[in-house]
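Trainee: Encoded as structure tokens, here's the structure I'll be asking about.
The values are calculated or read from the model by the stated rules, or taken from the named source; none is laboratory data. None of these values were measured; they are calculated from a predicted model. Backbone-built Cβ (ideal geometry, glycine too); neighbour counts: all protein chains shown. Protein only, heavy atoms only, side chains kept; ligands, DNA and RNA dropped before computing areas. Shrake-Rupley method; radii C 1.70, N 1.55, O 1.52, S 1.80 Å.
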Amino acid sequence: MSTAPAVNTRKGQTLNLLLATWVSAINFWAWNMIGPLSTPYSERLSLDATSASVMVAMPILVGSLGRIVVGALTDRYGGRTMFIAISVASILPVLAVGFAGSIDSYVLLLVFGFFLGIAGTVFAVGIPFANNWYDASRRGFATGVFGMGMVGTALSAFFTPRFVDWFGLMTTHVVVAIALAVTALVCVAVMREAPAFTPNTDPVLPKLAAAAKLRVTWEMSFLYAIVFGGFVAFSNYLPTYIKAIYDFTTVDAGSRTAAFALAAVIARPVGGALSDRIPPKYVVLVSLGGTAAMAVVATLEPPPDFWSAVTFTAMALFLGVGTGGVFAWVARRAPGNSVGSVTGIVAAAGGVGGYFPPLVMGATYDTVGEDYTFGLLLLAATAFAAFLYTVFRLGAHEPARTKT
């Protein structure tokens, strides 16, 4: 194989990686427009815990499953084209959700929230895009930096409730829609595809079928459903949880959720960088073990503000490290020209992993004891089961990559 592409990709690496991270951040903000406002929506619409959790989880569904197709399309059309397409396609759903919220329509919030999930598919674009810009020895770092685009959930949790207080509900959604439009224009003007990118023009369905036959796809999907799913679930549902358990205001709950998301965002590139230096298996094991432990601690309802902050910040750090570790593992093991397809399936699994926990938390909420003990114990048990699977079934040194 010629070494020329590896040399040529160095020009523009940093600019394109940072721009891709920003595109992810603004789309993640759009994807998480409902979660930070779940408490006022619930109060105005008189929603019970289950109805509120369905509303919060709805954007996660499309944002998860849509990644399967988006990942395969990225293999064909490249990250630049897909970043632009997703940013533009997310504008109308953002405005529609704002409209539904303004007229207090639960049904329309569900319908438009479904389409809001388009913004969440952006993650399946960035991993192959970053892989094409960096050689194998730095892909853990690159995917970790791109993964910091998850900060969009923190931005949404912190700023969305405040923007609504300052400017009003509909204006807040207009601001985010404008940010998406500006982002798309910047991508048109500045973003470039890596010289190493080669379009995979094979039909999408056979590519997905081939990726689905790979053992690595399902092993990484299982792990990512827990670590990224846990992050997505808490980033969306934590405002509801905090309000129910600690009786904070919407703005205060948003601030604490933003801190949770920010901790996970900071930890993600750490997990990726560590996985460039040591086998990702060990990084993922630390993540799963720590997550299980913190979920158990959370059932004790540590008092605010210090001990509850320590508990959920630690959980966020463990989850963030795990997300970086899993995708560094994907980059090592997935066949080179199928990274987008494998990424799409794994990323979808992560999103689906974030879809069900809010529903479970809402359905198992103890209205008498006012606690989420059962849901948290389920998270602990699932993380521990994944820990055992990783210990006994996954090797520290992955097999040689195959070419397709």
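Trainee: Treating only the Cα positions of segment 80-120 as identical point scatterers, give the base-10 log of I(q)/I(0) from the Debye formula at each q in 0.22 Å⁻¹.
Mentor: Here the Debye-derived log intensity ratios amount to -0.62.
Trainee: In the chain, carbon and sulfur make up what percent of the accessible area (probe 1.4 Å)? Could the numbers behind the result be given before it?
Mentor: Working: 10830 of 15280 Å².
Exposed carbon and sulfur together represent 71 percent of the surface.
Trainee: With N denoting the number of residues in the chain, provide Rg(C-alpha) divided by 2.2 N^0.38 Å, to two decimal places.
Mentor: So the chain has a normalised radius of gyration of 0.93.
Trainee: What residue among Y355, Y246, Y224 has the largest mean-square fluctuation in a Gaussian network model of the chain, using Cα springs under 10 Å?
Mentor: Per the Cα network of the chain with a 10 Å cutoff, Y246 tops the list.
Trainee: Using a 10 angstrom cutoff on alpha carbons, build the Gaussian network for the chain and name the most mobile of R393, R268, R256.
Mentor: R393
Trainee: While we're on this one: Which of rounded, prolate or oblate describes segment 12-147 when judged by the alpha-carbon gyration tensor and an a/c cut-off of 1.5?
Mentor: Numbers: a/c = 2.68, a/b = 2.41, b/c = 1.11.
The shape class here is prolate.
Trainee: For the chain, find the longest principal axis of its Cα atoms and tell me its angle to the long axis of helix 79-89, 0 to 90°, nearest 10.
Mentor: With both axes taken from Cα atoms, the answer is about 30 degrees.
Trainee: With N residues in segment 229-297, what two-decimal value do you get for its Cα radius of gyration over 2.2 N^0.38 Å?
Mentor: Normalised Cα radius of gyration, segment 229-297: 1.30.
Trainee: Accessible area per residue, 1.4 Å probe, Å², for segment 242-382: what's the number?
Mentor: Numbers: 4910 Å² over 141 residues.
With all protein chains present, segment 242-382 gives 35 Å² per residue.
Trainee: Hey, if we sort T373, T14, T323, T171 by accessible area with the 1.4 Å probe, largest down, what's the order?
Mentor: Largest accessible area first, the residues go T14, T171, T373, T323.
Trainee: To continue, here is another question. If you build a Gaussian network model of the chain, linking Cα atoms that sit under 10 Å apart, which residue out of P195, P357, P206 swings the most?
Mentor: Evaluated over the chain, the most mobile residue of the options is P206.
Trainee: Another one. What 222 nm value per residue comes from the helices of the chain, counting each DSSP H run with n ≥ 4 as -39,500 (n - 2.57) and dividing by all residues, nearest 500 deg cm²/dmol? Intermediate results must be reported in sequence, preceding the final value.
Mentor: Values: 18 runs with 318 residues, N = 404.
When only DSSP H runs of four or more count, the value is -26500 deg cm²/dmol.
Trainee: Moving to a separate point now. Once Lys and Arg get +1 and Asp and Glu get -1 on their Cβ, which of A154, G101, S46 lies farthest toward the positive end of the dipole of segment 33-174?
Mentor: About the Cα centre, the residue reaching furthest to the positive side is A154.
Trainee: With a sphere of radius 13 Å drawn around the Cβ of T373, what net charge do the other residues whose Cβ falls strictly inside it have (Lys, Arg +1; Asp, Glu -1)?
Mentor: Overall, the nearby charge balance is -4.
Trainee: Continuing with this model, one more query. Take the alpha carbon atoms of segment 18-54, find their center, do the same for segment 184-221, and report the distance between the two centers in whole angstrom.
Mentor: 28 Å
Trainee: How long is the gain from L92 to S51 if the chain were fully straight, where each residue apart is worth 0.36 nm and the alpha carbon distance is subtracted?
Mentor: Stretched out fully, the L92 to S51 stretch lengthens by 12.3 nm.
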